[in-house]
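Trainee: Shown below is the structure under consideration.
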Amino acid sequence: MAHSNTTDVLVVGAGPIGLTAAAELRRRGVSCRIVDRLPARLPFAKAVGIQPRTLEIWDRMGIVRAALDAAVPLRGQLTYVNGAERPRIDLVLPPEVPYRFAALPQYETERILDEHLGRWGTTVERGTELVSFSQDAHGVTSRLHTPSGAEEELRTRYLVGCDGAHSIVRKGLGLSFEGGAFPEEYMLADVEADWDLPYGYTLRAMHLDGAGAVDDVLVCIPLPGRNRYRMSMKVPPELSTAARAAAAADGVAHGLQGGRTPQLADIQTVLDRLSPAPTTASNIRWSSVFRISHRIVDSYGHGRVFIAGDAAHIHPPTGAQGMNTGIQDAWNLAWKLALAVEGAAHPGLLPSYDAERRPVGEEVVGRTVRHASAQGVQSDPEDADTLMLREAQLLVGYRGSPVVDPPGQGPGPRPGDRAPDCTGLTSPIAAVPLRLGDLLREREHVLLLYGTGLDDPAGTAGESAGGGGGPCGVSPAGPPAAPAALPTYHDTAGEFARMYAAEAPTAFLVRPDGHLGARLSPPTSQQLAAHLATVFAPDTGP
């Protein structure tokens, strides 16, 4: 068995979650290898929906432009029940949210992330499979099966499993994966349809039985290309894989299944039955049978080994929550791992990954199961505005986390909440108004100081929030003043003050993942130091 040199982190699985984790680690200078058992990227449009929060993340990573070039907009949903049209759902968000909903085939998402990872000279090691691993107080020893048939033993400081619903890493940790499987099976197909539906709208056509239960369904999501859609529908008996799925080695019936591939005729039969207008399917790109389970682990990691994405949570694809949730898992974990590798992390920082992300996974699993068991997202009892923000993943937050300050009282975002974007920030140099997102892009912890007196002592303490970040002043609307010893931007339109409910001088510490770690009003260096002590190791700076 070959023995390889130590690297900081091994990432197992090169889907969107693993690629996100590897890219964020490499961007921070962490040595990393990423392996995948498949010999090549799969050409399947499995996960398609891209949430606005994911686009915000990609903006922070520096890849949003590539995604916008490749994606198509999702404007809303057309719903038909027993052939009758229901009210149209338009995907409307507040104007300060910088991005809208989009559709992007998973193979394109992986291509963009793969190319981004290549900026740091790191490529996916294809055809390489994790066989087993063990860990001790100082690191993780992994056994890899390589494309040549040889075995390699790799020593790393940490291991991250992004290896899907049948995760070897999850099984190696001995984690429970409680839940169950839906009895229904679905066909997935990437095809063209010659109908004249409004551009950018998904279609959900359902048939209800006499008791009001959904007994037939067709869901079509637009894809890049002329009249191209990712369609899903129930499987006819002759294509059923239920017996094989029930006999799966790990009992997890989830994802693409083997067996006979659905043909255009199978897709056309369902379209003839449920399409609101006569249409002909053509130019099938790929198809498969898909099964759905709902499960979540009892822990997102143990010791030096962590899991993310489908390895930790699986659920119905309703609302396009799965991949997007997994990307946020990886994003949350990567900056914490990077600090741990540097020796700059407080002992409680890595455990906060489970404390922050598992409640999110539990909520997503519960919500998508509820929606799948009813009549889709629109069956949720929440008001329309809250529902839209939740589906866009803009309400994900970490209040109560051990590494954020107590939320306190009052209006505006509190510690643990997503840091809202805003525009209208000007400086003596920038000729056009900037977004707050422009100031945060590809940065680490950033301290925002709001107020007229930007020479507060907190500014000195804020310099310790650097590591690619640092302090930044935002002053109220008014004539520009000469900046103090930190870059200063003027809230020309008053949008920052409105979005952050900032009146008195206040400091906002924005974490690398775009959530607030602290809100200090009035800001003092003692308060800031107390917060930073929960994130960083004693006697170290970020």
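Trainee: Whole-Å semi-axes of segment 93-237's equivalent ellipsoid, largest first, each the root of 5 times a Cα gyration tensor eigenvalue?
Mentor: Values: eigenvalues 313, 110, 55 Å².
Gyration-tensor ellipsoid for segment 93-237: 40, 23, 17 Å.
Trainee: Mind pulling the angle between the C-alpha long axis of helix 264-274 and the longest principal axis of the chain? Nearest 10 degrees, somewhere in 0 to 90.
Mentor: Helix 264-274 sits at roughly 80 degrees to that axis.
Trainee: Quickly rank 47-56, 228-237, 342-351 as a protection proxy: mean count of other C-beta atoms within 10 Å, highest first.
Mentor: Numbers: 47-56: 24.1, 228-237: 19.1, 342-351: 16.0.
Highest mean packing first, the order is 47-56, 228-237, 342-351.
Trainee: Set the Förster distance to 25 Å, then compute FRET efficiency between Thr123 and Arg441 from the Cβ-Cβ distance, nearest 0.05. Intermediate values should be presented prior to the final figure.
Mentor: Working: r = 25 Å, r/R0 = 0.99.
That pair, Thr123 with Arg441, gives E of 0.50.
Trainee: Under 5 Å between amide H atoms, partner at least 5 residues away or on a different chain: which partners does Arg86 have, H built in plane at 1.01 Å?
Mentor: Close amide H contacts, sequence-distant or interchain: Thr79, Tyr80, Val81.
Trainee: Among DSSP bridges having both ends in the chain, what percentage is antiparallel? Round to the nearest 5.
Mentor: That works out to approximately 70 percent antiparallel.
Trainee: Let me ask another. Among 146-158, 20-32, how do they line up by average Cβ neighbours within 10 Å per residue, starting with the highest?
Mentor: 20-32, 146-158
Trainee: Now for a separate question. Do you know the relative contact order of segment 42-143, to the nearest whole percent, from alpha carbon pairs under 8 angstrom that are 6+ apart?
Mentor: Over segment 42-143, the number comes to 30 percent.
Trainee: Run the accessible area of the chain with a 1.4 Å probe and give the carbon-and-sulfur part as a rounded percent.
Mentor: Numbers: 11490 of 21390 Å².
Carbon and sulfur: 54 percent of the exposed surface of the chain.
Trainee: Between Asp272 and Leu395, 0.36 nm times their residue separation minus their Cα-Cα distance comes to what?
Mentor: Fully extending the segment from Asp272 to Leu395 adds 40.4 nm.
Trainee: Let me ask something else about it. Given charges of +1 on the Cβ of Lys and Arg and -1 on the Cβ of Asp and Glu, with all other atoms neutral, how large is the dipole of the chain about its Cα centre, in debye to the nearest 20?
Mentor: My answer is approximately 540 debye.
Trainee: Okay, next question. Length gain on complete extension for the stretch Ala384 to Ala501, per 0.36 nm per residue less the alpha carbon to alpha carbon distance?
Mentor: Values: separation 117, 0.36 × 117 = 42.12 nm, distance 2.35 nm.
Length gained, Ala384 through Ala501: 39.8 nm.
Trainee: Computed FRET efficiency, Cβ-Cβ of Asp194 and Arg88, R0 30 Å: what is it to the nearest 0.05?
Mentor: The formula returns an efficiency of 0.90 here.
Trainee: Using r as the Cβ-Cβ distance of Ala355 and Ser176, and R0 as 25 Å, what FRET efficiency do you calculate, to the nearest 0.05?
Mentor: Result of the calculation: an efficiency of 0.90.
Trainee: Using the crude model of +1 on Lys and Arg Cβ and -1 on Asp and Glu Cβ, and no other charge, please compute the dipole size for segment 1-97 relative to its Cα centre, in debye to 20.
Mentor: On the way: 13 positive and 9 negative charges, 45 e Å.
So the dipole magnitude of segment 1-97 works out to roughly 220 debye.
Trainee: Per-residue ellipticity at 222 nm for the chain, helices alone: DSSP H runs ≥ 4 residues times -39500 (n - 2.57), over residue total, nearest 500 deg cm²/dmol?
Mentor: Per the formula, -7500 deg cm²/dmol.
Trainee: Given a 1.4 angstrom probe, what's the average accessible area per residue across the chain, in square angstrom?
Mentor: 39 Å²
Trainee: Moving on to the next point. At each listed q (0.15 Å⁻¹), what is the log10 of I(q)/I(0) that the Debye formula gives for segment 305-360 modelled as equal alpha-carbon point scatterers?
Mentor: Calculated log10 I(q)/I(0) at the listed q: -0.44.
Trainee: Rounded to whole Å and ordered largest first, report the semi-axes of the equivalent ellipsoid of segment 1-62 derived from its Cα gyration tensor (root of 5λ).
Mentor: 25, 18, 6
Trainee: Residues of segment 392-427 with backbone nitrogen within less than 20 Å of a virtual label 7 Å along the Cα-to-Cβ line of Ala493, please, listed as ranges.
Mentor: 412-413, 419-427
Trainee: Next up: As an exercise, take the mean of 1/r over every pair of distinct alpha carbons in segment 1-117, invert it, and state the Kirkwood radius in angstroms.
Mentor: Details: mean 1/r = 0.0606 Å⁻¹.
With all distinct Cα pairs of segment 1-117 included, I get 16.5 Å.
Trainee: How much length would be gained if the chain were fully extended between Arg155 and Ser240, taking 0.36 nm per residue of separation minus their Cα-Cα distance, in nm to one decimal? Before the final figure, lay out the partial values.
Mentor: Details: separation 85, 0.36 × 85 = 30.60 nm, distance 4.31 nm.
Value of the extension gain: 26.3 nm.
Trainee: Need one number: nm distance between label points at Ala213 and Thr146, each 7 Å from Cα along Cα→Cβ, rounded to one decimal.
Mentor: Taking the two extended label points, one gets 5.4 nm.
Trainee: So what is the diffusion coefficient of segment 94-163 in µm² per second by Stokes-Einstein at 25 °C and 0.890 mPa s, using a Kirkwood Rh over Cα pairs?
Mentor: For these conditions, the coefficient is 159 µm²/s.
Trainee: Next question, about the same structure. Restricting to Cα pairs below 8 Å that are 6+ residues apart, what does the relative contact order work out to for the chain? Please round to a whole percent.
Mentor: Computed over the chain, the figure is 14 percent.
Trainee: For segment 43-169, just list the percent of Cα-Cα distances falling in each 5 Å bin from zero outward, please.
Mentor: For segment 43-169, the pair-distance distribution reads 2, 8, 12, 14, 14, 13, 12, 9, 6, 5, 3, 1, 0.
Trainee: Given contacts defined as C-alpha pairs under 8 Å and at least six residues apart, what's the relative contact order of segment 281-322, whole-number percent?
Mentor: Relative contact order, segment 281-322: 38 percent.
Trainee: Here is a follow-up. Can you give the direction-averaged projected area of the convex hull of the alpha-carbon atoms in segment 490-542, in nm²? It would help to have the intermediate numbers written out before the result.
Mentor: On the way: hull surface 17.9 nm².
So the Cα hull casts an average projection of 4.5 nm².
The values are calculated or read from the model by the stated rules, or taken from the named source; none is laboratory data. Please read all numbers here as calculations on a predicted model, not as lab measurements. With ideal geometry, Cβ positions are generated from the backbone for all residues, glycine too; neighbour counts draw on all protein chains shown. Side chains included, ligands, DNA and RNA excluded: accessible areas come from the protein's heavy atoms. Shrake-Rupley method; radii C 1.70, N 1.55, O 1.52, S 1.80 Å.
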